[in-house]
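Quick notes on the structure that follows.
The values are calculated or read from the model by the stated rules, or taken from the named source; none is laboratory data. Everything quoted here is computed from the prediction, not taken from an experiment. Please note: Cβ atoms are built from the backbone with ideal geometry, for glycine as well, and neighbour counts cover all protein chains shown.
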């Protein structure tokens, strides 16, 4: 083995990659992700951007002592990556082969798509040939009036057709549903009815998101109040748990063995590589307590640039506590706090959290895991913790 080969062996191997595909047919009026909308996506520019990004990405990884290893997780998000279609599947197949990227035999490879997309069977088939084995479907609502309010490019009928297609073929898929939609009270939204309709297809995974908007959002004056959203969220959680789903993260529910492997990497603060406009990755230093590098892509389409942020120990701890609390990982107060902080947490905060029904179960081995009500109150719980955290 030559010196270069030995050097590669010593590199820390990255097993998760996120690829951001920015194009959409139509812009949803609430969307805060980087995207470009229109009927004729410029795939040439996007693909050129990926080609130009790769050497810069490799240089960053080598500088930090990393290399892309055999991928266990690959996530194609957006935007609407399914729009890339057969062309995208062929391009990405060649792209990873030319760069020596290997997908593990057990890889979880996810593709986001919207109902009502063009020629769904052909798109699914092409991406399955590439290696996609999990699909995330942006249903959002099964009521046409709400879909129109959100600026979605599909109908409730499209959603039922897509769900039936995936269920009949026994494919691995997830469904996105949104809460807190504008005019929910006026149009008498029945979230239980919509959810029960989705459950008839028994999707392996369901994600539930509360609509968040910017100050200039056109429907801000007609959003439901906090109590409405609280009741929707708790009802959805109750129904899904009763239907056999595990509420394993604030917004995510899964049947057995169907948790999102890629997202778990983010929630557990693991190293994740990223490519594509606005995509963000995280590189943890080999000596984890010494910090990390977060990077984000910009300069689309002409000049791929990396924006770097160095995170110190305190910043990593703050993020870790937040991410762990919002998932089944929970807060390990024995590891995160010194003895004085532990005493304050155990004597003051823990009894209050337990009394108010925020916990999923009794704390065990210095670890506390939140239940549905705790997830809903997460921002308030973090405020409780601020006095114990580094400035």
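Computed quantities for the displayed model
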| read-out | value |
| --- | --- |
| Some residue of segment 351-367 being assigned to a strand (DSSP E or B) and either in contact with a strand residue (DSSP E or B) (Cβ under 8 Å, 6 or more places away or on another chain) or assigned by TED's automatic domain parsing to the domain that holds residue 259 (or both) | yes |
| Residue identified as under 26 Å from residue 122 (Cβ atoms), at pLDDT below 95 and not in a helix (DSSP H, G or I) among 29, 73, 40 | 40 |
| Total residues in segment 232-245, condition surrounded by 16 or more Cβ atoms within 10 Å (Cβ to Cβ) and either touching a strand residue (DSSP E or B) at 6+ places or on another chain (Cβ under 7 Å) or touching a residue at least 60 places away in the same chain (Cβ under 8 Å) (or both) | 6 |
| Filter result (touching a residue at least 40 places away in the same chain (Cβ under 8 Å) and farther than 15 Å from residue 80 by Cα) within segment 31-46 | 45 |
| Condition met for residue 319 (under 18 Å from residue 264 (Cα atoms) and within 21 Å of the chain's Cα centre (by Cα)) | yes |
| Single unsatisfied condition, residue 301 versus (1) in contact with a helix residue (DSSP H, G or I) (Cβ under 7 Å, 6 or more places away or on another chain); (2) under 27 Å from residue 251 (Cβ atoms); (3) not in a helix (DSSP H, G or I) | (2) |
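Here is a yes/no grid of residues against (1) in contact with a helix residue (DSSP H, G or I) (Cβ under 8 Å, 6 or more places away or on another chain); (2) within 19 Å of residue 122 (Cα to Cα); (3) in contact (Cβ under 8 Å) with a residue 24 or more places away in the chain:
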| site | (1), (2), (3) |
| --- | --- |
| 147 | yes, no, no |
| 153 | no, no, yes |
| 159 | no, yes, yes |
| 171 | yes, yes, yes |
| 189 | yes, no, yes |
| 196 | yes, no, yes |
